[in-house]
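Reviewing the structure listed below.
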Amino acid sequence: MKIAIMAPLVTAIREPQRGGSQAFVSDLARGLAGRGHDVHVYAASGSEIPGVEVIDTGVDPRSLAGTLYRASGPSAAGPAKAGTNEARANEAGPAEEGPAEDGPAEDGPAEDGANEAGLAKAETAKAGPGEDGPGEAEAAAATGPGEDGTAAAVAAAAFAAAYAAVRAGRYDVIHNHAFDAPAVRLATALPAPVVHTLHLPPDQAVSAALRQATRRGQRPAVAAVSQFQAGAWRRVVPVDAVLPPYPPTAAIPWSAAAGRGALYAGRLSPEKGTAEAIDIARAAGVPIGVYGDVYDPGYSREQIDPRRSWPGVTVHPGVPRAALWEAMAGAAVVLCPARWDEPFGMAAAEAQACGTPVVAFRRGGLGEVIMDGVTGFLVRPDDVRAAAGAVAKAAGLSRPACRKHAEGGLDLELSLDAHERLYRRVAGG
C-alpha cells in the first residue's frame with residue numbers, strides 16, 4: 001500500500017525524540033516500510049527517519065510552540081487561561097453520535113482562528129483544477145469550542161500547507177498522528193481514506209473537529225492507543241480501533257543481571273509525575289537518573305530544579321533512544337508515577353523490553369502494559385510511600401519475565417499487524 005503519515009508538526013521527528021507519539025511515528029514508518037509498503041512521512045522541518053522518505057512540510061516547529069499540549073491544568077507557572085490547551089484537557093462534552101461497535105482491538109492543540117477563511121481558500125487554490133480543497137462552510141468556520149484563536153491560526157496554516165502536499169501524492173491511506181483540531185478538520189478534503197490516531201486524552205477542540213468531520217461526509221476512522229483511552233474517547237466520539245504504540249522490542253537490548261537504582265524517562269511536566277519519581281526514589285533510599293527535557297518551564301523551575309541538588313539525583317537532558325534503553329537496562333526499576341490518566345505508557349513498555357521492572361501509579365493505560373506483581377507493581381495513585389515500598393520489592397521480580405512479556409505482548413510487530421488490518425479495512429481491500 002501507499003501510505004501517508006502526518007506527523008505531529010509541533011516538534012521535529014528525530015533523535016532524541018520529544019515524546020512517545022513522535023517516537024512511535026518513527027517506529028511505525030520504519031516498520032511499515034520494512035513490510036514492503038511505500039511510506040511517506042510528512043513532518044516538520046529538521047525531521048529524519050532512517051530508511052523512510054520524510055517530506056519536509058516547511059513548518060518550523062518553533063512556530064507551533066503555542067499549541068503544545070498541557071494535560072494537567074494550571075502549572076507551577078500560574079493558572080491556566082480559558083481556551084488554552086492547559087484548560088482544555090478535561091472539557092470534552094458528551095458524544096453526539098452513538099458508540100462505535102466493540103470488537104477486537106485490532107479491528108475494531110488549537111484550531112481555526114480568524115484567519116482560517118483565507119488559509120483554507122489558499123489551500124483550495126493550491127489543489128488545482130478538478131481537485132477538492134476545503135469546502136466553503138469550513139473556509140468560513142470560526143474558532144471552535146475550546147480553541148485559542150492565535151495559536152489556532154498558526155496551526156491551521158501549517159496543516160493547510162502540509163495537506164496540500166499530501167493531496168498530490170495519491171495515497172491508499174492517510175494516517176494522521178497530530179493532535180491538533182486543524183489536522184482533523186482539514187483532512188476532510190483529502191481524496192483518500194483517513195485514519196486519526198488519538199495519542200492524548202479527550203479534548204474539546206479535537207472532539208468537535210471529529211464530530212464536524214463526520215457531519216461533512218464519510219466518517220474518518222478513529223483509533224486510540226489503549227483500551228482505557230478508547231473507553232474515554234467513546235464517551236465523546238466513536239472509536240474504531242485500538243492501535244497500541246508498542247516499541248521495537250527486537251531492537252532493544254536487555255539485561256538479566258540485577259540493575260542499580262531507579263530511572264525516570266519522560267518530559268519534565270506535572271502530568272508525568274517527574275517530581276514524584278524523585279520523591280519515590282528518595283523515600284526508597286535509592287539513587288535516580290531522570291531523563292527528559294523541560295516541557296513546562298514553570299514546573300521545572302519550581303518543582304525539579306530544587307530537587308536537582310538532592311543526594312543521588314541526576315537529571316539528564318533527553319537522549320537518543322538507544323542510549324536511554326542502555327540506561328534502562330542498567331537500572332533496577334523504572335518509575336512511572338503518572339498523575340493523569342496515561343493514554344498508554346511507552347516508557348513502561350520500553351523498560352520491560354530492557355528486562356527492567358516498573359513501578360507505576362495505577363492510572364490510565366498503564367494497567368494494560370504492566371503485569372502487576374510479575375513485571376512490576378501498580379500502586380494507588382499519588383501514594384509515594386506505597387510506590388517506595390514497591391521499589392524495594394521490585395528487585396525480587398524476574399527480569400527475564402519482563403523481557404518475555406515485552407516480546408510476547410508489547411512488540412511493534414503486533415502493532416504493525418493491527419495497523420495493516422485497519423488500513424485494509426478503510427481502503428476497502
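Net charge near A283, counting Lys/Arg +1 and Asp/Glu -1 over other residues with Cβ under 12 Å of its Cβ? Net charge in that neighbourhood comes out at -1. Listed peptides 50-61, 269-280 appear in the order 269-280, 50-61 once ranked by packing, highest mean of other Cβ atoms within 10 Å at the front.
Computed about its Cα centre, the charge dipole of the range 249-409 is approximately 400 debye, with only Lys, Arg, Asp and Glu carrying charge at their Cβ. Summing charges over all other residues whose Cβ lies under 15 Å from the Cβ of G365, with Lys and Arg as +1 and Asp and Glu as -1, gives -1. Extent along the principal axes, Cα only, for the range 249-409: 41, 31, 29 Å, with the longest axis given first.
Take the Cα of R62, step 7 Å toward its Cβ, do the same at E48, and the gap between the two points is 1.9 nm. For the peptides 183-194, 252-263, the ranking by packing is 183-194, 252-263, with the highest mean count of neighbouring Cβ atoms within 10 Å listed first. Highest-first packing order for the peptide set 375-383, 38-46 is 38-46, 375-383, based on the mean count of other beta carbon atoms within 10 Å.
Amide H contacts under 5 Å for I55: V41, Y42, A43, restricted to partners 5 or more places along the chain or on a different chain, H placed in the peptide plane at 1.01 Å from N. Only beta bridges with both residues in the range 249-409 are counted; by DSSP, about 0 percent of them are antiparallel.
Model label points for W310 and R380, set 7 angstrom from Cα along the Cα-to-Cβ axis, are 2.1 nm apart. Counted residue by residue at 0.36 nm each, then reduced by the alpha carbon distance between them, the extension gain from A323 to A427 reaches 33.6 nm.
Read the figures in this text as sums done on the coordinates, not as results from a lab. What you are looking at is a predicted structure, and each value in this text was computed from that prediction instead of being measured. Cβ sites come from the backbone with ideal geometry, for glycine too, and all protein chains shown count toward neighbours.
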